[in-house]
1. Identify, from the list 58, 96, 62, the residue that is at pLDDT below 90 and aliphatic (A, V, I, L, M).
2. Just to be sure before I move on: is residue 63 within 24 Å of the chain's Cα centre (by Cα) and either of a type outside the set (Lys, Arg) or under 14 Å from residue 12 (Cβ atoms) (or both) in the structure I sent?
3. From the residues in segment 149-181 that are touching a strand residue (DSSP E or B) at 6+ places or on another chain (Cβ under 7 Å) and among the charged types (D, E, K, R), which one is nearest to residue 239 (Cα to Cα)?
4. Considering segment 141-176 alone, what residues qualify as being charged (D, E, K, R) and in contact with a helix residue (DSSP H, G or I) (Cβ under 9 Å, 6 or more places away or on another chain)?
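The values are calculated or read from the model by the stated rules, or taken from the named source; none is laboratory data. Keep in mind it's a predicted model, so treat the numbers as computed, not measured. Ideal geometry is used to build each Cβ from the backbone, glycine not excepted, and the neighbour counts take in all protein chains shown.
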Amino acid sequence: MNKENLSVLLIEDSPSDADLFQEMLREASVVRFEVVVVERLSDGLKYLSNTQFDLILLDLSLPDSHGLETLNRIQAAAAHTPIIVLTGLDDETLALKAVSLGAQDYLIKGNVASTLLAHAIRYSIERKRLTNTLHQHEQEFKTLVENVPDVISRIDQDLRRIYVNPAFEAVIGIPSSEIIGKTYQDVGIKTAATTLWEDTIRTVFKSGQPQIIEYTSPTAKGWRYFQTRLVPEFSEEGVIST
């Protein structure tokens, strides 16, 4: 059976630890790891300037960089590459912080078996791939929403707008800085249309079903007819969030 090839940049200033990690990677049964080892952050950054790796194994305590600044600089140079932080027992809190800032995982030196290391690398690569794909889709959606001529906004359960697209500002005539976090009534708009709109929004939150309403409302260029579709957004727990 042909082995999968994965390239790894190992940034580790301890020769004994670097040798141990390389030996564990050589023992992997289903993956062939091609490992480049450097001892300093500056050398790692040089490699990243012209070489694409599948994953980075990163010691946060290096001769020329220490702590989360090490992670920040690597992320800036390789934003789409998964990173696993290597740490000692006394640095686990720092490693957890690194994960919260975007590292895919952390491993405690001395507590890592070859099988665990190989699995952690493969899972980290897959998680990062999914994260990158999600981010790309979010950017594509944002580009679409911010360039359509239709008025689009997101509203929380207190009827406050938490997002408006550029068309909202152009058509309604209210800058996003003045409406975000506020209701229509907060900015002085109180008409029969806003009452209808607010009552229908409450119905959507209660029923979980989309609604379509038609009304006229004041805009930057006078009164205008609108047909508005109100659609609930559900959280991962199935609760209507906006």
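1. Working: 58 fails: at pLDDT below 90; 62 fails: at pLDDT below 90.
Exactly one residue qualifies, and that residue is 96.
2. Details: within 24 Å of the chain's Cα centre (by Cα): no; either of a type outside the set (Lys, Arg) or under 14 Å from residue 12 (Cβ atoms) (or both): yes.
It is false that residue 63 is within 24 Å of the chain's Cα centre (by Cα) and either of a type outside the set (Lys, Arg) or under 14 Å from residue 12 (Cβ atoms) (or both).
3. The selected residue is 156.
4. Just the residues of segment 141-176 that are charged (D, E, K, R), to begin with: 142, 146, 150, 154, 156, 158, 160-161, 169.
Answer for segment 141-176, where residues must be charged (D, E, K, R) and in contact with a helix residue (DSSP H, G or I) (Cβ under 9 Å, 6 or more places away or on another chain): 146, 150, 160, 161, 169.
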